[in-house]
Amino acid sequence: MGNTNSTIPQQTPTPLPSPLPTLATEEEATVEAEESETCDFTCEICIEPMLSPNKKFTNNGLCVHPFCVDCINKYLQVKIEHDHVAEIKCPGLNCDKLLDPLACRTLLPPQLFEKWCDVMCKRALVGLERCYCPNRECSEVVVNECGGKVKKSKCPNCKRMFCFGCGIKWHAGYRCEENGEMRDMNDVAFGELAERMNWTRCPRCKHFVELIEGCNIVKCRCGISFCYKCGRELHRCNCSKWNIGFFIIMRICKYLVITVLLSLFLWAMVIIFYPK
């Protein structure tokens, strides 16, 4: 038997897998972000190049116009102190976005920012019925949120009662047109009693009248009829047109009944004393 030479096939080396580019991509993105933050910009107001990123004003993503902090600060001072503007627009050309007050707060002095807040508050209250607390130590603004006619009100800050109609300390038992009269402690105490008992003052003789039962139309001992609900005379009352109309109809019927009875009486006298 002869010896045979066997050939062993050569194995080709398998290539190693290339490293994933994820880490490299994240590092490149980080480097690009840092380079973008440190890049300079040119302010559109003063047209000066700015090398420091801390000098750039950011409007909390509302708009991306490049402005420096100093120019925005001066722009805000003019708009607040001289123009008294509540909604300050971006100084960019053809930009209708508003500047965010929270983004501008760190740029302004505290007193100027408080003034801006007061201007914005007054702007929000335009068209609403409001008054100020008569307490000199308070002077809080009070808004009529419910609508309608409001008189007795309570300050939400100092918790004191005042009249919303005339803007002075609450005058219990007295109308707003009588708030300038001098009163002693007895008058004030009597006014508070009349308010608790729900008494109403006569518009003519100024005496208090108590309604026990019946409609709101009462007659004082001085002879005048007025509305017990609002304390005004009937021709000035707008509380209930139906009550006033009913009162007028009853008054007319009363005069008609009296006229008819008087006519019948006169006719009976004629028949008795002048028989046919």
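Between 102, 174, 223, whose Cα lies farthest towards the positive end of the dipole of segment 91-238 when Lys and Arg beta carbons carry +1 and Asp and Glu beta carbons carry -1, centred on the Cα centre? Final value for the positive-end residue is 223.
Past 32 Å, Cα to Cα: identify those pairs from 74/159; 152/206; 55/115, in the order given. Result: 74/159 exceed 32 Å. Within the accessible area of segment 45-97, what % is carbon and sulfur when the probe is 1.4 Å and the other protein chains stay in place? In segment 45-97, the share of accessible area belonging to carbon and sulfur is 52 percent.
Per-residue packing, averaged as other Cβ atoms within 10 Å, sorts the ranges 103-111, 194-202, 64-72 into the order 64-72, 194-202, 103-111, beginning with the highest.
Per residue, segment 61-165 exposes 66 Å² of solvent-accessible protein surface, assessed with a 1.4 angstrom probe and all protein chains in place.
Spatially, segment 80-150 and segment 52-78 are offset by 21 Å when compared through their Cα centroids.
Taking a Cβ cut-off of under 15 Å around residue 42, the surrounding Lys, Arg, Asp and Glu residues balance to a net charge of -2, with basic ones at +1 and acidic ones at -1.
A cut-off of 5 Å between modelled amide H atoms, ignoring neighbours fewer than 5 places along the same chain, links residue 209 with 200, 201, 202. Local charge for residue 151 was computed over the other residues whose Cβ lies under 12 Å away, with Lys and Arg +1 and Asp and Glu -1, and equals +3. Residue order by solvent-accessible surface for 146, 46 is 146, 46, largest first, with ligands and nucleic acids left out and a 1.4 Å probe. Go ahead and run the numbers for FRET between residue 169 and residue 77, Cβ-Cβ distance against an R0 of 51 Å, rounding to 0.05. Approximately 0.80, to the nearest 0.05. Our coupling estimate for segment 193-206, obtained by passing each phi through the Karplus curve with A = 6.51, B = -1.76, C = 1.60 and θ = phi - 60°, is 5, 5, 5, 5, 7, 6, 7, 10, 8, 5, x, 9, 8, 6 Hz, Gly and Pro reported as x. Near the amide H of residue 50, within less than 5 Å, lie the amide hydrogens of 41, 42, 43, all on another chain or at least 5 residues away, with H placed in the peptide plane.
The values are calculated or read from the model by the stated rules, or taken from the named source; none is laboratory data. Computed from a predicted model, the values in this text were never measured in an experiment. Here Cβ is always computed from backbone atoms with ideal geometry, including for glycine, and neighbour counts include all displayed protein chains. Calculation scope for accessible area: heavy atoms of the full protein, side chains included, ligands and nucleic acids excluded. Shrake-Rupley method; radii C 1.70, N 1.55, O 1.52, S 1.80 Å.
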